[in-house]
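Asker: First the structure, which I've put down as structure tokens, then a few questions once you've had a look.
No value in this document is a laboratory result; all are computed from the given coordinates. Not measured: the values here are computed from a predicted model. Cβ sites come from the backbone with ideal geometry, for glycine too, and all protein chains shown count toward neighbours.
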Amino acid sequence: MEAAKKERFEPQSPNPIKMVKRNNPNRMTYKRQKKVLGILFSLPALVLLFTFLILPVILAFIYSFMDYAMLRPGEKTFIGLDNYQRLLTDGNFLNALKNTMYFTAVVVPLQSLVALGLALLVNKKVKLASLGRVFFFSPVVTSMVVVAILWTFLYNVENGLINSVLNLFGIPNQPFLLSPNQAMNSIIFMSIWQAAGFQMIIFLAGLKEVPEELYEAAEIDGANAWRKFLNVTLPALKHVTAFVLIITTIQAFRLFVQPFVMTNGGPSGSTKTLVYMLYEEGFQFRDVGYSSAISVVFFIIVLSVSLIMKKILVKE
Amino acid sequence: MNYKTKKRLAKVGVNLTIIVVGLLFIAPLLWMIISSLKPETKIFTQMGLEAFIPESLTFENYYNILFNKETGTNFFLYMWNSLYTVGMIVILGLIVNSLCAYALVKLKFPGAGLILMIIIALYIVPFESVLIPLYLIVNAFGWVNEYPALYVPFIANCFNIFLFRQFFLNIPKELEEAAHIDGASPWTTFWRIIVPNAKPVFATSAILTFVTHWSDFMWPLIVTTGASKRTVQVGIQYLFTDNNIQYGEIMAALSLTTIPVILIFLFFQRYYVQGITSSGVKG
């Protein structure tokens, strides 16, 4: 293995010109070559990122100060902060903001806890650990549209599988997605089921990095499993946990597919989210200006929440 | 109870917990696959445990969704559209993002550090916040309801560049220096040293990108105006909202959409986990 690796690094055939260079190392030429190729190699990615990410960010910002209807692109005018002012008094927006916040506040801690639990479970050296990993991860590779359609059937009030199981325990049929009080929680439950496996993989990677010696040392000191978890595992997972919490937060704020497929944002707006509203304003009402203002607010919220979380979590 | 039996009992307990929790996790997916093999009328009449034990199996739903022209669901077309566009994102993305990361980490041209910082900062931009301007840009290119709209914007990816960067950082300098002394150009170094040593991160990037974009819904929904370029996710949503909803066919469609991805994951799982955990090449 080692020999094969070493062989690979040998030049294919000794090039006489290059041999001269080797004897008389011309550092400047190599440096220049690196510079030119460096720019050349990174150019495709940079051009694409500029066109499809940086430019749209700038445009979203500009459009948010405009009266701009998609169907009348010639008539766009600057209207200052009007779109933002409209947001402050728009009941739909405040409702969407509230729903999105609620979803995030519940999903982030719960899902991270579930993911940590799953990771600890399959990190044990037991026969079924790898099977467990596959089981827990399967919902993650299942697309959200598939999951959402599937769970709409499962949550059905009359002939849904979940209600039939609840009936076995003497619980009457629940309306789930049809009730303004239960719809969002039903989506939350399903979303955790779908996504916990991903965070599990990240936690698992973190757990594998914990040096075995630390556990051995703790064992010699007579620490029990709980102590080992508290004093060895958790501190070692600090950065991984911070990462998991931040990406889960960003994911949670983006909630769209579930309400779009399962509830159309209802009943009575109880599952309408920021992204849902942004989509509606932009692509159903074709109001570029107003939709852009929602985009900017959405962006600023996601950005500041993740920065605040980073500051708090990484400092500790 | 001595130490050994205690350990063994603990292991049995962990195995049992994995089985119970694991079954809860895959129950919905199992139900989906089993229902897809049931006759239409049985799907919502067999409840509780019975839902998982079908009396009779049929492939009628699969036949209908794939070959029955009367339903006109174009399922093959949707599958192809998804495979083609996601394939393009994966393949072009691997090339573009790995080259960019290599250039930024190993070639260190002036400004590379700043560019890297910007890319990492851009990672935080949620896709949804650029939805409207991105649509207008794609529209200006004339790509609405065309394939490029579905893949070109997603080739370059900040997270993937970051992923490659992390891996390349761990490839020891000595390897490149040795290659340089042997007369290798930066390009040769990339192809002959970096790429062969970074296979796990390529696999990780490929599988993450595939799974993410296979599941894409909102963007394909927006940029496909007709059935001809519709991806499979948008396609099944249309099946689901159809007035003449066929539950069996939907179950078959959901299964067909999911099984390839689960198989790919099973096949690549080792690389996937390895890619995340691997801390680089041992010099």
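Asker: Anything over 29 Å Cα to Cα? Flag those among A:Lys124/A:Lys238; B:Lys4/B:Lys199; A:Lys208/B:Lys11; A:Lys124/B:Lys199; B:Lys108/B:Lys229, in the order listed.
Answerer: Details: A:Lys124/A:Lys238 20 Å; B:Lys4/B:Lys199 41 Å; A:Lys208/B:Lys11 19 Å; A:Lys124/B:Lys199 27 Å; B:Lys108/B:Lys229 41 Å.
Correct reply: B:Lys4/B:Lys199; B:Lys108/B:Lys229.
Asker: In whole Hz, with x marking every Gly and Pro, tabulate ³J(HN,Hα) for the stretch A:51-64 from phi via Karplus 6.51 cos²θ - 1.76 cosθ + 1.60, θ = phi - 60°.
Answerer: With coefficients 6.51, -1.76 and 1.60, one gets 5, 10, 9, 5, 4, x, 4, 5, 5, 4, 5, 5, 4, 5 Hz.
Asker: Based solely on its DSSP helices, what 222 nm [θ] is calculated for the protein assembly as shown when runs of n ≥ 4 H residues each add -39,500 (n - 2.57) and the sum is averaged over all residues, nearest 500 deg cm²/dmol?
Answerer: Working: 29 runs with 400 residues, N = 599.
Calculated at 222 nm, the ellipticity per residue is -21500 deg cm²/dmol.
Asker: Between A:Ile220, A:Ile202, A:Ile250, which gets the highest mean-square fluctuation from a Gaussian network model of chain A, Cα cutoff 10 Å?
Answerer: Of the options given, A:Ile220 has the highest mean-square fluctuation.
Asker: Tell me, what does the Kirkwood hydrodynamic radius of the protein assembly as shown come to in angstroms if you use every pair of distinct C-alpha atoms? Display every interim value, and only then the final one.
Answerer: Numbers: mean 1/r = 0.0377 Å⁻¹.
Result for the protein assembly as shown stands at 26.5 Å.
Asker: A further question on this structure: Long-range amide H contacts for B:Lys38: which residues qualify at under 5 Å (H placed 1.01 Å from N, peptide plane, sequence gap of 5 or more or a different chain)?
Answerer: Those qualifying (amide H under 5 Å, at least 5 residues apart or on another chain) are B:Thr58.
Asker: Which of A:Ser164, A:Ser292 has the fewest other C-beta atoms within 10 Å, and how do the rest follow up to the most?
Answerer: Working: A:Ser164 20, A:Ser292 28.
Ranking A:Ser164, A:Ser292 by Cβ neighbours within 10 Å, fewest first, gives A:Ser164, A:Ser292.
Asker: Right, here's the next one. With the Cα gyration tensor of the stretch B:1-138 in hand, convert its eigenvalues to equivalent ellipsoid semi-axes via √(5λ) and list them largest first in whole Å. Could you put the intermediate results ahead of the total?
Answerer: Working: eigenvalues 392, 233, 40 Å².
Computed over the stretch B:1-138, the values are 44, 34, 14 Å.
Asker: Please list, in chain and number order, the residues 5+ apart from A:Met66 or on another chain whose amide H is under 5 Å from its amide H, with Hs placed from the backbone.
Answerer: Counting only residues 5 or more places away or on other chains, the set is A:Ile79.
Asker: Report, as an integer, the average count of C-beta atoms from other chains found within 10 Å of each Cβ along B:121-127.
Answerer: Values: counts 1, 4, 3, 9, 9, 12, 4.
Per residue, the average neighbour count from other chains is 6.
Asker: Could I ask something else about it? Could you put B:Arg230, B:Arg8 in order, starting from the residue whose Cβ has the fewest other Cβ atoms within 10 Å?
Answerer: Numbers: B:Arg230 23, B:Arg8 10.
Taking fewest neighbouring Cβ atoms as first place, the list is B:Arg8, B:Arg230.
Asker: Sticking with this structure for a sec: Which of A:Leu161, A:Leu49, A:Leu150 ends up with the largest GNM mean-square fluctuation for chain A, with Cα atoms connected below 10 Å?
Answerer: Maximum among the listed residues: A:Leu49.
Asker: Averaged across B:100-110, how many Cβ atoms of other chains sit within 10 Å of each residue's Cβ atom? If you can, show how the numbers build up before the last one.
Answerer: On the way: counts 9, 3, 4, 11, 5, 1, 3, 11, 4, 11, 3.
Per-residue shielding by partner chains comes out at 6.
Asker: How large is ³J(HN,Hα), in whole Hz, for each residue of the stretch A:172-179 in order, when computed from phi with the Karplus curve 6.51 cos²θ - 1.76 cosθ + 1.60 and θ = phi - 60°, using x for Gly and Pro?
Answerer: Karplus-based 3J(HN,Hα) across the stretch A:172-179 equals x, 4, 9, x, 6, 5, 8, 10 Hz.
Asker: Another question about this same structure. How would you rank B:Leu83, A:Leu46, A:Leu88, going from fewest to most other Cβ atoms within 10 Å of each one's own Cβ?
Answerer: Working: B:Leu83 15, A:Leu46 21, A:Leu88 9.
Exposure proxy ranking, most exposed first: A:Leu88, B:Leu83, A:Leu46.
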